[in-house]
Amino acid sequence: AGPESPDDLARLHSQAFLVRGGWADAEFRGLSIVLASWVALGTVISSVNEDWSVVESFYFCAMTLTTIGYGDFSPTTATVQLYTVIYAILGIGFLVSFNAQLVRIAIEGRRTEAAAAADDVEGGAATG
């Protein structure tokens with residue numbers, strides 16, 4: 001299948017719906033802002049307190065929130081260790097909620113597309 005096959009175009013349409021549908025949804029928008037702010041906060045705190053680069057701190061936050069935790073970066077002071085526990089507990093909850101909203105929006109998009117396709121079929125049968 002080429003880059004403009006019907007399957008590829010349908011996939012692009014579905015991804016575009018997720019973006020449009022997501023930003024139109026106030027709960028998704030709010031969770032996006034909270035999650036982005038949470039990651040930014042964790043990145044700044046890790047960078048300042050652990051003397052890591054911004055990239056290393058962002059990497060640490062991403063590995064922590066996704067529960068991958070390779071262990072190549074870990075907090076060295078008791079204060080930052082305690083902060084990281086609280087950061088992980090709350091942040092994992094934010095990430096799970098964000099992903100649940102993504103799935104909800106994707107399912108709603110599929111239902112909308114299926115309903116529109118069914119209406120097209122019914123409309124074509126009624127006029128044809």
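The values are calculated or read from the model by the stated rules, or taken from the named source; none is laboratory data. In this text, all values refer to a predicted model and were calculated from it rather than measured experimentally. So basically every Cβ, Gly included, is an ideal-geometry build from the backbone, and we count neighbours across all protein chains shown. In case anyone asks, the SASA skips ligands and DNA or RNA and just uses the protein heavy atoms, side chains included. Shrake-Rupley method; radii C 1.70, N 1.55, O 1.52, S 1.80 Å.
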Q.
Out of all Cα-Cα pairs in the range 35-75, roughly what percent, to the nearest whole number, are more than 11 Å apart?
A. 57
**Q.** Distance between modelled label sites at Asp8 and Thr112, nm, 7 Å Cα→Cβ extension
**A.** 2.5
Q: Just reorder Phe28, Phe58, Phe73 by solvent-accessible area, largest first, 1.4 Å probe, all chains present.
A: Phe58, Phe73, Phe28
Q: Would you mind telling me the share, in percent, of accessible area of the range 53-128 contributed by carbon and sulfur at probe 1.4 angstrom?
A: 68
(Q) Please compute the modelled spin-label separation between Ser97 and Asp25, points set 7 Å along Cα→Cβ, answer in nm with one decimal. (A) 1.4
Q. Can you give the accessible area of Asp25, probe radius 1.4 Å, in Å² rounded to 10?
A. 40
